[in-house]
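Report on the structure given below.
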Amino acid sequence: MYDIAQIRADFPILSRQVYGKPLVYLDNSATTQKPRAVVEAITNEYYSVNANVHRGVHFLSQQATELHEASRETVRRFIHARSANEIVFTRGTTESINLIASTFTEACMKEGDEVMVSVMEHHSNIVPWQLAAARKGIVLKVIPMDDQGVLDMEAYRKLFTPRTMLVSVAHVSNTLGTVNPVREMVAIAHSRGVPVLVDGAQSISHIPIDVQALDADFFVFSSHKVYGPTGVGVLYGKEKWLDRLPPYQGGGEMIQTVSFERTTFNELPFKFEAGTPDYIGTHGLAKALDYVSAIGMDEIAAYERELTTYATGRLNAIPGIRLFGEAPGKSCVFSFLVGNIHHLDMGTLLDRLGIAVRTGHHCAQPLMQRLGIEGTVRASFALYNTKEEVDALAAGIERVRRMF
Ligand code: PLP
C-alpha cells in the first residue's frame, strides 16, 4: 500500500505556500525535498555526536566514525555493490565524474584515445572529458539519438574503435527522461574490452539499482537527488579499477605515510577521500536511502510509472504542446514548449500559480542543439507528487496558453 498522504506528511516543505498558493514542487530533477528523518538525523548528529572521523581515540570521534562507515555500508547495500571498499564518498555526481575523468585518463589513456558519451549528457558528463581531452589530446565521440530521444544502438556499436577506452553515459536523461539501456550498453562495451561509467544522477531516486547486475565499472550519483543532503555524492567503482587509478586529490586521510622523500597512499576507498569528509552529510544520505528503502524502490517505481502515464495523457491533450522525449518506458520528467510561448515566460507564470518548474537548457546545451531549440520548460516528478499536482500543472499551462 503506497501511502501518499503519509509520504507527503514526511516532507514538511510540501505543505508550505508560495504567493498564497499551495506549493506544487515539480523541479525534482534539479533537487529533491528532504524528509523529516533526514533533517532530524543531521540536526541530532550536530547536537550530540559531532567530531572529526577516523583520527580520534575519543568517544565522539569513534561514534561519528561508526556512523560514517555505517553510511558507506548502507550505500553499498542500496546499490548492491560487492564491497564497501568500492564506495567512495565525493561531493556529488559532478565530482565523481571529474575524479574518473582525471585519474582514468591519467592512468589508462594516451593521446588519440577515445571516450564515448551520448548526445543527451548533462554538462557534468561532457566538460570533464573535454578538459581531459585538452590536457591529453583525447577524442570525444558522441552517440546519437532519434527524434523520440532513444539512443541509436547501431551507431553506438559502430563508434567503437581500437582506441575506445571508456564509455560514459547517463542512466536516465535529466531532460528527456529517456532510460538508456545501460545493461546492454555495458555488455556491448565489455565485449570490446571497454569499461563503462554510468551517470546515475537521475536514476538513483527512480529505479532500483544493482551495480553488479548492470556490471557497470563505475556508477555515480548525488545525495541531493535522492532526498538526501546537498554536498555529498558517491563514486562506485569496481575494486580492480579503483586499485589501478592514482589518487585524485592529496591531503589528510588518503595517505598511509608521508615524508618529504616519499609518500604512500591509503587503501580503498580512503585513497580517494582527501580531507575531512562530510561525515554528517553521509549520515543524512544513509537516512535518505533508509527512507526510500522502507517504502520500497519497486513500489516507488510503480507509483511513478502510473504518474508518468497519467501526466503523458494530460499534457498531450494540451493544444499546441510539444513534448521532448517520448522514449518508451521513460522516467517521470517532461520537457515541453507550448506554441510560441517562451519557456521563461511559461515558467515565470507557472511560478505565480505556485508551480515550481525549471526552464532553460537544463545543463544539456548539446542536446538543445540536437533538438534545434534554446530551452524547454521541465516538470520533473518525485515519489511525493500526485495526480492532483499533474492536474494543477495542466490547468496552469492551459491558463498561460490562453493568456497568450
Ligand atoms: N548528471 C545528470 C544526468 C544530472 O541530471 C545532474 C544534475 O542535474 C548531474 C549529472 C550533476 O549533478 P550534481 O550537480 O549533483 O553534481
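Can you tell me how many residues within the stretch 190-207 are out of contact with any Asp or Glu (no Cβ under 9 Å at 6 or more places or on another chain) and not in a loop (DSSP other than H, G, I, E, B)?
The qualifying residues number 1.
Restrict the check to the stretch 348-357 and report whether at least one residue is surrounded by fewer than 23 Cβ atoms within 10 Å (Cβ to Cβ) and within 20 Å of the chain's Cα centre (by Cα).
Just the residues of the stretch 348-357 that are surrounded by fewer than 23 Cβ atoms within 10 Å (Cβ to Cβ), to begin with: 348-349, 351-354, 356.
Within this subset, residues satisfying the condition of being within 20 Å of the chain's Cα centre (by Cα) are 356.
Yes, the conditions are met somewhere in the stretch 348-357.
For (1) surrounded by 15 or more Cβ atoms within 10 Å (Cβ to Cβ); (2) more than 16 Å from the ligand (Cβ to nearest atom); (3) outside any loop (DSSP other than H, G, I, E, B), each residue gets a yes or a no:
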{"site": "TYR2", "(1), (2), (3)": "no, yes, no"}
{"site": "ALA30", "(1), (2), (3)": "yes, no, no"}
{"site": "GLN33", "(1), (2), (3)": "yes, no, no"}
{"site": "GLU45", "(1), (2), (3)": "yes, yes, yes"}
{"site": "ALA64", "(1), (2), (3)": "yes, yes, yes"}
{"site": "LEU67", "(1), (2), (3)": "yes, yes, yes"}
{"site": "SER71", "(1), (2), (3)": "yes, yes, yes"}
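I'm told TYR248 meets every condition in (1) outside any helix (DSSP H, G or I); (2) within 19 Å of THR103 (Cβ to Cβ); (3) more than 16 Å from the ligand (Cβ to nearest atom) except one. Can you identify the failing condition by its number?
(3)
Show the residue pairs meeting these rules: Cβ distance below 7 Å; 6+ apart or different chains; first residue within the stretch 18-40 and without any contact (Cβ under 8 Å) to a residue 40 or more places away in the chain; second residue assigned to a loop (DSSP other than H, G, I, E, B) and surrounded by 15 or more Cβ atoms within 10 Å (Cβ to Cβ).
ARG36/ASP10
Out of (1) over 21 Å from MET165 (Cβ atoms); (2) in contact (Cβ under 8 Å) with a residue 24 or more places away in the chain; (3) among the polar types (S, T, N, Q); (4) part of a helix (DSSP H, G or I), what's the single condition that is false for THR103?
Evaluating THR103 over (1) over 21 Å from MET165 (Cβ atoms); (2) in contact (Cβ under 8 Å) with a residue 24 or more places away in the chain; (3) among the polar types (S, T, N, Q); (4) part of a helix (DSSP H, G or I) leaves (1) as the failure.
(1) closer than 30 Å to GLU40 by Cβ; (2) part of a helix (DSSP H, G or I); (3) free of Cβ contacts under 8 Å to residues at least 40 places away in the same chain: which one isn't true of LEU344, the others all being true?
Unmet condition: (1).
VAL196: over 25 Å from PHE381 (Cβ atoms), away from the ligand (no atom under 11 Å from the Cβ), of a type in the set (Val, Ile, Thr) and at pLDDT 95 or above, yes or no? Steps first, answer last, please.
Details: over 25 Å from PHE381 (Cβ atoms): yes; away from the ligand (no atom under 11 Å from the Cβ): yes; of a type in the set (Val, Ile, Thr): yes; at pLDDT 95 or above: yes.
Against the criterion (over 25 Å from PHE381 (Cβ atoms), away from the ligand (no atom under 11 Å from the Cβ), of a type in the set (Val, Ile, Thr) and at pLDDT 95 or above), VAL196 qualifies.
Here's a check for you: in the stretch 155-173, which residue that is part of a loop (DSSP other than H, G, I, E, B) and either at pLDDT below 95 or more than 15 Å from the ligand (Cβ to nearest atom) (or both) is surrounded by the most Cβ atoms within 10 Å (Cβ to Cβ)?
Here is the first cut: in the stretch 155-173, the residues part of a loop (DSSP other than H, G, I, E, B) are 160-163, 171, 173.
Next, only the ones that are either at pLDDT below 95 or more than 15 Å from the ligand (Cβ to nearest atom) (or both) stay: 160-163.
Values: PHE160: 18, THR161: 12, PRO162: 9, ARG163: 15.
Step by step, filter the stretch 155-173, then rank; the result is PHE160.
Quick one: count up the residues across the stretch 106-128 that are within 16 Å of the ligand (Cβ to nearest atom) and part of a loop (DSSP other than H, G, I, E, B).
Selection size over the stretch 106-128: 5.
Pairs under 6 Å by beta carbon, first residue farther than 15 Å from GLY275 by Cα in the stretch 52-71, partner surrounded by fewer than 17 Cβ atoms within 10 Å (Cβ to Cβ) and among the hydrophobic types (A, V, I, L, M, F, W, C), six or more apart or different chains?
Between residues of the stretch 52-71 that are farther than 15 Å from GLY275 by Cα and residues that are surrounded by fewer than 17 Cβ atoms within 10 Å (Cβ to Cβ) and among the hydrophobic types (A, V, I, L, M, F, W, C), the close pairs are LEU60/ALA51; SER61/ALA51; ALA64/ALA51.
Out of the residues in the stretch 194-249 that are in contact (Cβ under 8 Å) with a residue 60 or more places away in the chain and among the polar types (S, T, N, Q), state the one that is surrounded by the fewest Cβ atoms within 10 Å (Cβ to Cβ).
GLN212
Out of contact with any Leu (no Cβ under 9 Å at 6 or more places or on another chain) and in a helix (DSSP H, G or I), is that true of ALA302?
Working: out of contact with any Leu (no Cβ under 9 Å at 6 or more places or on another chain): yes; in a helix (DSSP H, G or I): yes.
It is true that ALA302 is out of contact with any Leu (no Cβ under 9 Å at 6 or more places or on another chain) and in a helix (DSSP H, G or I).
Go through (1) away from the ligand (no atom under 16 Å from the Cβ); (2) crowded, with 18+ Cβ neighbours inside 10 Å and name the single condition THR263 misses.
So THR263 meets the others, but not (2).
List, please: which pairs have Cβ atoms under 9 Å, are six or more places apart or on different chains, and start with a residue in the stretch 136-154 that is more than 14 Å from LEU166 (Cβ to Cβ) and part of a helix (DSSP H, G or I) and end with one that is of a type in the set (D, E, K, R) and modelled with pLDDT of 95 or more?
Close Cβ pairs (under 9 Å, with a partner that is of a type in the set (D, E, K, R) and modelled with pLDDT of 95 or more) amount to MET153/GLU184.
Mind listing whichever residues of the stretch 80-104 are within 16 Å of the ligand (Cβ to nearest atom) and under 27 Å from ALA294 (Cβ atoms)?
Going residue by residue through the stretch 80-104, those that are within 16 Å of the ligand (Cβ to nearest atom) are 88-102.
VAL88, PHE89, THR90, ARG91, GLY92, THR93, SER96, listed by residue number.
Is it the case that the stretch 275-287 has a residue that's among the polar types (S, T, N, Q), within 14 Å of PRO208 (Cα to Cα) and part of a helix (DSSP H, G or I)? It would help to see each step written out before you state the result.
Of all residues in the stretch 275-287, those among the polar types (S, T, N, Q) come to 276, 282.
From what's left, within 14 Å of PRO208 (Cα to Cα): none.
No; the residues of the stretch 275-287 include none that is among the polar types (S, T, N, Q), within 14 Å of PRO208 (Cα to Cα) and part of a helix (DSSP H, G or I).
So LEU131 fits all but one of (1) more than 16 Å from the ligand (Cβ to nearest atom); (2) over 30 Å from HIS80 (Cα atoms); what number is the exception?
The one condition LEU131 does not meet is (1).
For the stretch 374-403: of the residues being outside any strand (DSSP E or B), touching a Ser or Thr at 6+ places or on another chain (Cβ under 8 Å) and among the small types (Gly, Ala, Ser), which is farthest from ARG314 (Cα to Cα)? Show your work before the answer.
Kept after step one, since they are outside any strand (DSSP E or B), are these residues of the stretch 374-403: 374-375, 381-403.
From the residues that got through so far, the ones that are touching a Ser or Thr at 6+ places or on another chain (Cβ under 8 Å) too are 375, 381-383.
Now restrict to residues that are among the small types (Gly, Ala, Ser): 375, 382.
Numbers: GLY375: 22, ALA382: 17 Å.
In this case the residue turns out to be GLY375.
Determine which member of the set VAL57, VAL53, VAL49 is away from the ligand (no atom under 16 Å from the Cβ) and at pLDDT below 95. Before the answer, list the steps.
Values: VAL53 fails: at pLDDT below 95; VAL49 fails: at pLDDT below 95.
It is VAL57.
Evaluate the stretch 364-375: report whether one residue or more is more than 30 Å from LEU140 (Cα to Cα) and surrounded by 16 or more Cβ atoms within 10 Å (Cβ to Cβ). I'd like the intermediate steps shown before the answer.
Within the stretch 364-375, the subset more than 30 Å from LEU140 (Cα to Cα) is none.
There is no residue in the stretch 364-375 that is more than 30 Å from LEU140 (Cα to Cα) and surrounded by 16 or more Cβ atoms within 10 Å (Cβ to Cβ).
The values are calculated or read from the model by the stated rules, or taken from the named source; none is laboratory data. Nothing here was measured: the structure is a model prediction, and the numbers come from that model. Backbone-built Cβ (ideal geometry, glycine too); neighbour counts: all protein chains shown.
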